[in-house]
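A.B. asks: Submitted below is the structure of interest, expressed as structure tokens.
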Amino acid sequence: MKNNLYYRYSLGFLFCYAISRYQIIIIRYADVRVANENALLRNKLSKVNVDEGAKETLWKIWFNGRKKPIEKDVENVAYECSQKCESDWDEFMKSVEQKWMHFNPDMEKEYKCSVYPQALKWGVTKWIAWFHETALTCLKQDFKNWITKCGKEYHQTMRQKLNVWHKKYLDEWCKQDWKVREDRYFKNWIKMGLRGDPDYWVKLSQCNRWAARVKKEHKEWTDNLKAIENNCNDWVNWKKEKMEFYKQWLQAFTKQWITEEQWKTWTEERKQYILTKKPDTQKSATKKTATKKTTTKKTTTKKAAEKKTATKKAAAPK
């Protein structure tokens, strides 16, 4: 009996011991398996990082190889645009000076400011004050309109040139075989990727790195084009030079206009302009009067004819 009980206790102990050892083995095996899987995952992810590094290197080589040619093209465009505007500069300055040294019948329409007839009562002080307060603002607006027009032409020409380079970026870089395959693969994977895939996390990492890289490349490229366009020294320096010149010219012109009392020329030319316009006005008035008389005559004749017809009808025998 005792031996039988001892045997049972021993058997139970051995069974529990065997179970515990088995559990330990299972846990260790699981740990080893997880460790192996983690090591495999780390190995795959490290390969992803290596691949990304190689692709970033390819991008830098391609990108840096285009910087200088783009800058040279942009400088050529800026030089050509500045030379074209330079050829128009003398004509612009002559037209501005001519316009402000003489009476301008379209001043109110052009600048939305009136001078005559109230200016006929002005003295020297009032004319000088008007020129400083109003005329200088209009003169500055003349320059602003002209330089804005030049700027629009410059930016339009520049964008055309930069669009050519952007097309090269799309054709030469984005449409490389490996880029096209990569883009197609990850766009499809985003739609169809399954969590049951044993390499899901590796592919997710690859996809995230791909998306970030493509976005970075595009931003770096477009930012570079904008920076080159906005910081072109030839165009910026040309604009600064003209702005400074016009500022100094305004001071000299103001002094000349006031010293020569140019408003007297304006007033005299205005008188001549009015006298020149009067014959046209009189002709127009005469023409209107003649037209009115003709219309009246026709109306009277028509009424007389109607009256005569009515009389004949009344006199006819029944």
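A.B. asks: Filter segment 188-234 for residues that are within 30 Å of Met158 (Cβ to Cβ), surrounded by 12 or more Cβ atoms within 10 Å (Cβ to Cβ) and modelled with pLDDT under 85 and give the result.
C.D. replies: Glu229, Cys232, Asp234
A.B. asks: Pairs needed: first member in segment 104-117, closer than 16 Å to Glu269 by Cβ; second member anywhere, part of a loop (DSSP other than H, G, I, E, B) and β-branched (Val, Ile, Thr); C-beta distance under 7 Å; at least 6 residues apart or different chains.
C.D. replies: Note: pairs meeting the criteria are Met107/Val115.
A.B. asks: May I ask you to say which residue of Glu133, Glu153 is under 29 Å from Met93 (Cα atoms), exposed (fewer than 15 other Cβ atoms within 10 Å of the Cβ), without any contact (Cβ under 8 Å) to a residue 12 or more places away in the chain and out of contact with any helix residue (DSSP H, G or I) (no Cβ under 6 Å at 6 or more places or on another chain)? Steps first, please.
C.D. replies: Numbers: Glu153 fails: without any contact (Cβ under 8 Å) to a residue 12 or more places away in the chain.
That would be Glu133, the only listed residue that is under 29 Å from Met93 (Cα atoms), exposed (fewer than 15 other Cβ atoms within 10 Å of the Cβ), without any contact (Cβ under 8 Å) to a residue 12 or more places away in the chain and out of contact with any helix residue (DSSP H, G or I) (no Cβ under 6 Å at 6 or more places or on another chain).
A.B. asks: Just to be sure, is Glu172 within 20 Å of Ala54 (Cβ to Cβ) and surrounded by fewer than 13 Cβ atoms within 10 Å (Cβ to Cβ)?
C.D. replies: Details: within 20 Å of Ala54 (Cβ to Cβ): yes; surrounded by fewer than 13 Cβ atoms within 10 Å (Cβ to Cβ): yes.
Yes, satisfied.
A.B. asks: Checking Lys68 against (1) of a type in the set (Lys, Arg); (2) at pLDDT 60 or above; (3) surrounded by 10 or more Cβ atoms within 10 Å (Cβ to Cβ), which single condition isn't satisfied?
C.D. replies: (3)
A.B. asks: Please determine, by comparing only the residues of segment 215-264 that are more than 27 Å from the chain's Cα centre (by Cα) and of a type in the set (Lys, Arg), which one is nearest to Leu139 (Cα to Cα).
C.D. replies: Within segment 215-264, the match that is nearest to Leu139 (Cα to Cα) is Lys247.
For (1) modelled with pLDDT under 95; (2) closer than 30 Å to Asp223 by Cα, each residue gets a yes or a no:
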site	(1), (2)
Val74	yes, yes
Tyr79	yes, yes
Ser82	yes, yes
Phe103	yes, no
Tyr111	yes, no
Pro117	yes, no
Lys144	no, yes
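The values are calculated or read from the model by the stated rules, or taken from the named source; none is laboratory data. It should be emphasised that the depicted structure is a prediction, and the values quoted were computed from it without experimental measurement. Here Cβ is always computed from backbone atoms with ideal geometry, including for glycine, and neighbour counts include all displayed protein chains.
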